[in-house]
């Protein structure tokens, strides 16, 4: 899927020419051309990186279109612009603007799904407890957890700053040491500290989902832009405008 493709009405809305419905009227009135050719259908898609779009003969371009990016963070990278002597995740976002903010920090040793955006309100809501976004992790520890320990994990564990919220934990295989964990909050090094309280050591943490977003086949160290469908669902959940 080409993440740079946008339906013509959305592209025009991002240019500030009105709502998507209003922009549909502009298209149907025959006032829009792409690369010099008049657009006649609302299903037409624009490649925002390559196409030239004009309305009434005047070129238009989104002036403040926000970016929404998913990165598969490798271990060994710090989630900070200043790497403090370590490699920074921002080094992996080649060709992207410097004003990208992140949601849902992962510690240096952890890996997996990390979100970035130039939309500050989007980031703020994504990390706010009120919206209740779940995060799914695959966690490997050094020894199996008893059923009693897993029940304690589910109910919540007292950390220095207070009790954790109820969480979900299931073994990937009976008697194994890999678990699927779902959290609804994001305290500092939370999973590691919860496991330490249960007497086990974490060997690997990999975040595989954030809300309705999943890593899929995105390779470690690579990033991609969110698709239009992914972004639409997220914005609806966050009660943000869809354009």
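Only one residue in 73, 98 is outside the structural domain of residue 183 (by the TED database) and exposed (fewer than 15 other Cβ atoms within 10 Å of the Cβ). Which one?
Sole residue among the options that is outside the structural domain of residue 183 (by the TED database) and exposed (fewer than 15 other Cβ atoms within 10 Å of the Cβ): 98.
In this structure, is residue 122 in contact with a helix residue (DSSP H, G or I) (Cβ under 9 Å, 6 or more places away or on another chain), in the same structural domain as residue 203 (by the TED database) and surrounded by 19 or more Cβ atoms within 10 Å (Cβ to Cβ)?
When the stated conditions are applied, residue 122 does not pass them.
Residue 47 versus (1) under 30 Å from residue 221 (Cα atoms); (2) outside the structural domain of residue 232 (by the TED database); (3) at pLDDT below 90: which is the lone unmet condition?
It is condition (3) that residue 47 fails.
For segment 6-44: of the residues being crowded, with 17+ Cβ neighbours inside 10 Å and assigned to a strand (DSSP E or B), which is modelled with the lowest pLDDT?
Here the residue is 6.
Which condition does residue 212 not pass, out of (1) buried (at least 17 other Cβ atoms within 10 Å of the Cβ); (2) without any contact (Cβ under 8 Å) to a residue 40 or more places away in the chain, if it passes all the others?
(1)
With without any contact (Cβ under 8 Å) to a residue 24 or more places away in the chain and touching a helix residue (DSSP H, G or I) at 6+ places or on another chain (Cβ under 7 Å) as the only criterion, which of 55, 79, 32, 27 stands out?
Exactly one of 55, 79, 32, 27 is without any contact (Cβ under 8 Å) to a residue 24 or more places away in the chain and touching a helix residue (DSSP H, G or I) at 6+ places or on another chain (Cβ under 7 Å), namely 27.
Restricting attention to segment 136-153, which residues are within 12 Å of residue 167 (Cα to Cα), in contact (Cβ under 8 Å) with a residue 12 or more places away in the chain and surrounded by fewer than 21 Cβ atoms within 10 Å (Cβ to Cβ)?
136, 150, 152
Against the conditions (1) without any contact (Cβ under 8 Å) to a residue 24 or more places away in the chain; (2) in contact with a helix residue (DSSP H, G or I) (Cβ under 6 Å, 6 or more places away or on another chain), where does residue 98 fall short? Just the number, please.
Going through the list (1) without any contact (Cβ under 8 Å) to a residue 24 or more places away in the chain; (2) in contact with a helix residue (DSSP H, G or I) (Cβ under 6 Å, 6 or more places away or on another chain), residue 98 breaks only (2).
Residue under question is residue 235, and the condition is that it be over 19 Å from residue 67 (Cα atoms) and surrounded by 14 or more Cβ atoms within 10 Å (Cβ to Cβ); does it hold?
When the stated conditions are applied, residue 235 does not pass them.
Kindly indicate whether any position in segment 126-141 is closer than 22 Å to residue 110 by Cα, assigned by the TED database to the domain that holds residue 199 and over 28 Å from the mean Cα position of the chain (by Cα).
No, every residue in segment 126-141 fails to be closer than 22 Å to residue 110 by Cα, assigned by the TED database to the domain that holds residue 199 and over 28 Å from the mean Cα position of the chain (by Cα).
Answer yes if at least one residue in segment 146-166 is at pLDDT below 90 and over 28 Å from residue 217 (Cβ atoms), and no otherwise.
Among the residues of segment 146-166, not one is at pLDDT below 90 and over 28 Å from residue 217 (Cβ atoms), which makes the answer no.
The values are calculated or read from the model by the stated rules, or taken from the named source; none is laboratory data. It should be emphasised that the depicted structure is a prediction, and the values quoted were computed from it without experimental measurement. Virtual Cβ from ideal backbone geometry, glycine too; neighbours counted across all protein chains shown.
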